[in-house]
Amino acid sequence: MKEKLLNWIDNSAGLAIELETELTKRPAISPESGGEGELDKCLFLEEWLKQHGITQLERFDAPDPNAKGGIRPNLIATITGEDDTKERLWIMSHLDVVPPGEEKLWESDPWTVVYKDDPPGPRLIGRGVEDNQQGLVSSVLAALAFTSQGIKPARTLKLLFVSDEEVGSAYGIEWLVTHHKDLFKKDDMVLVPDGGDPKAIFIEVAEKNILWVKFTTIGKQAHGSKPDLGTNALLAGSELALCLHFELSAEFYEHDPLFDPDYSTFQPTKKEANVPNINTIPGADVFYMDMRVLPIYSTESIFKEIDNIIEIIQEKHGVKIEYDIIQKMESKPTSPDALIVKILDNAIREVYAVDPKPKGIGGGTVAAHLRNIEIDCAVWTKTDQTLHQPNEYVLLDNLLGDAKVMALLASSK
């Protein structure tokens, strides 16, 4: 049975190219990024799956008046397993893509797939072909390997195609776990094929907590020749940025070798303009920080220390400091001993002949929303990591290899 599944996938490159080509023709850019959303792409995929024998389909549409049709679609395809009481396997990919960026940097039309067979190997070029259509198409091929051969997977396989991953998931997985939490069962396990490395080694099982914070320092504007008549918001804001960076790093100092880097990071990043001329003391100053915190620390403990630092800076400089939370995401880890990690490890070894390692990352993924409702998730794929770049590409060997790993996952006893 296993050989039939893998042989079918080996011979499905033409089908993969067809689906990648058609999906890329339908840009699924969020309204926040200047697009119409995912509806056209989802409708095509839904019809294409039906035509190829995957007919157990459900749609869960999140309302969004700014998107085409007023909705952001989320689609689920189900292939019932031999034992529907076993842990169900979900494979979650996303429909949306990012804009192409500067089109002059592209060697071809971003929305027309181009096939090339030269180093680094046979590949498809186009916006979205890797992020996240590699995972999407691989999951579809894995499902078709079962249905086309008349084979039932050992466990029920559910393909979940979500909207809005690129801009925060408010209309995608976050909306689903808020409004349709009963879709997921306690023993379900999820593969998210939307992050990995070129060697297929790293299985992401944990994420750092993410905090994006805007800090506004309010002083008093004055002429540059008479600073005593003003209160320099830039000076106070600069000291605040330095204190936050160094003091938070010193306070939350623990290391965890699961992550790379293995410590919490507190980085000042974006800086807004204050005054337009050199000879004015700025009365207001704004900067932002990107903080990636090991899961052992709560966000409450971080903000308690931030408040302490702000109080000291306010008193020292005679300013008022406010902050706004732009993003706050905490994610529970998946145990490296979880079933999804173990069977994924075995499947990767069989297909790619490598030694996988559980890993934590600093970035955030859609897996966090499911981990926070006690669903075990692993993020993995074999990828050349050309996502968001001009001339984004997907290697066909990676796409087909990942489909084999997914098929083995669904057939594992």
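The values are calculated or read from the model by the stated rules, or taken from the named source; none is laboratory data. Not measured: the values here are computed from a predicted model. Cβ coordinates were reconstructed from backbone atoms using ideal geometry, including for glycine residues, and neighbour counts include every protein chain displayed.
Across the range 318-348, the number of residues qualifying as under 23 Å from the mean Cα position of the chain (by Cα), under 30 Å from Gly230 (Cα atoms) and surrounded by 15 or more Cβ atoms within 10 Å (Cβ to Cβ) comes to 0.
All conditions but one from (1) under 17 Å from Glu330 (Cα atoms); (2) not in a strand (DSSP E or B); (3) not β-branched (Val, Ile, Thr) apply to Phe266; the one that does not is (2). Taking the criterion of being surrounded by 16 or more Cβ atoms within 10 Å (Cβ to Cβ), farther than 18 Å from Lys116 by Cα and not aromatic (Phe, Trp, Tyr), the residues of the range 368-387 that qualify are Ala368, His369, Leu370, Arg371, Ile375, Asp376, Cys377, Ala378, Val379, Thr381, Lys382.
Residue pairs whose Cβ atoms lie under 8 Å apart, separated by 6 or more positions or on different chains, with the first residue in the range 295-320 and in contact (Cβ under 8 Å) with a residue 40 or more places away in the chain and the second polar (S, T, N, Q) and assigned to a helix (DSSP H, G or I), are Lys320/Gln314.
From the list Lys86, Lys41, Lys116, exactly one residue is at pLDDT 95 or above and surrounded by fewer than 19 Cβ atoms within 10 Å (Cβ to Cβ). Which is it? Even if it seems obvious, please write down each step before you answer.
Values: Lys86 fails: at pLDDT 95 or above; Lys41 fails: surrounded by fewer than 19 Cβ atoms within 10 Å (Cβ to Cβ).
On inspection, the qualifying residue turns out to be Lys116.
Screening the range 21-128 for strands (runs of 3 or more DSSP E) wholly inside it with 2 or more residues that are under 15 Å from Val140 (Cα atoms) and either small (Gly, Ala, Ser) or touching a helix residue (DSSP H, G or I) at 6+ places or on another chain (Cβ under 7 Å) (or both) returns the ranges 71-79, 89-94. Of all the listed residues (Ala367, Ala407), the sole one being closer than 18 Å to Leu136 by Cβ, aliphatic (A, V, I, L, M) and out of contact with any strand residue (DSSP E or B) (no Cβ under 6 Å at 6 or more places or on another chain) is Ala407.
Considering the range 100-115 alone, what residues qualify as being among the aliphatic types (A, V, I, L, M) and more than 25 Å from Leu15 (Cα to Cα)?
If the condition is that a residue be among the aliphatic types (A, V, I, L, M) and more than 25 Å from Leu15 (Cα to Cα), then Leu105 is the only one that fits.
Looking only at the range 11-49, count how many residues are among the small types (Gly, Ala, Ser) and closer than 19 Å to Ala62 by Cα. Show your work before the answer.
Initially, the range 11-49 is screened for residues among the small types (Gly, Ala, Ser), giving 12-14, 16, 28, 30, 33-35, 37.
If we keep only those that are closer than 19 Å to Ala62 by Cα too, we end up with 28, 30, 33-35, 37.
Within the range 11-49, residues that are among the small types (Gly, Ala, Ser) and closer than 19 Å to Ala62 by Cα number 6.
Contact map, the range 237-256: residues that are in contact (Cβ under 8 Å) with a residue 12 or more places away in the chain paired with residues that are charged (D, E, K, R) and part of a helix (DSSP H, G or I), Cβ distance under 8 Å, separation 6+ or inter-chain. Pairs shown: Glu239/Lys316; Glu247/Glu305; Leu248/Glu305; Glu251/Glu305; Phe252/Glu305.
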